[in-house]
Amino acid sequence: MNKISVVLSLVAIALSLFSFFYLKPSSNLVYVDVNKLLEGYDRTQVERSAFEEKAKGMQANVDSLIANWQEELKTYEKERSSMTKKEIELKQELLANKQEQIGSYQQAIQKQIQEEDQKATQTVINDINDYVKEFGKNNNYRIIFGASGAGNIMYADEASDLTEEVLEGLNKEYQGN
């Protein structure tokens, strides 16, 4: 009977060590670092580059209009002395109207750039959320929290951090692997 107890004790110790070192945490409550996912996700870089390219094009258009207006203003200042009072008034009104139109256009472009940025960011966030949802279902997690550094998770054991595993799978899925 003593030998059986010793054997059972050794088996129990071996199983405990195995489960401690090799099995996933038994908790179904885990988290991912949302900021790390956003920064490490390959699609984020692609979307950001596409957005920046589009924003540069829009801003270049505004800059071109401003440069043309400034040239007109310089030309007016040079020719002003040879103009009649009526011509000066008309030219000033024309320049003021054009400046106002450029200002309105610039505001519209800034709004459009902001909307494009939000749209690109939302696309990436939707990808991440969809992947994490499927990941959770496939791995039988009850809850996957999203830590963003804003205080929603103040402490969690590192064994509960799935960020790297999720990021790796997310990038593989995006790349078609």
Can you give the percent of C-alpha pairs in the range 25-175 whose distance is more than 28 Å?
-> 49
Karplus couplings for the range 68-75 from phi (6.51 cos²θ - 1.76 cosθ + 1.60, θ = phi - 60°), rounded to Hz, Gly and Pro as x?
-> 4, 4, 5, 5, 4, 5, 4, 4
FRET efficiency for residue 35 and residue 105 from the Cβ-Cβ distance with R0 = 35 Å, rounded to 0.05, comes out at 0.50
Of the GluC sites (Glu not before Pro) in the range 50-82, those whose Cβ has at most 11 other Cβ within 10 Å and which sit in DSSP loop = none
Unit charges on C-beta of K, R, D, E only; dipole of the range 25-175, Debye | 680
May I ask you to sort 132, 166 by Cβ crowding, counting other Cβ atoms within 10 Å and putting the fewest first?
-> 132, 166
Of all trypsin sites (Lys or Arg not before Pro) in the range 79-177, the ones in DSSP coil with at most 11 other Cβ atoms within 10 Å are 142
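Bear in mind these aren't lab numbers, they're just calculated from the coordinates by the rules spelled out. Note that this is a predicted model, so its numbers are computed, not measured. We place every Cβ from the backbone using ideal geometry, glycine too, and count neighbours over all the protein chains shown.
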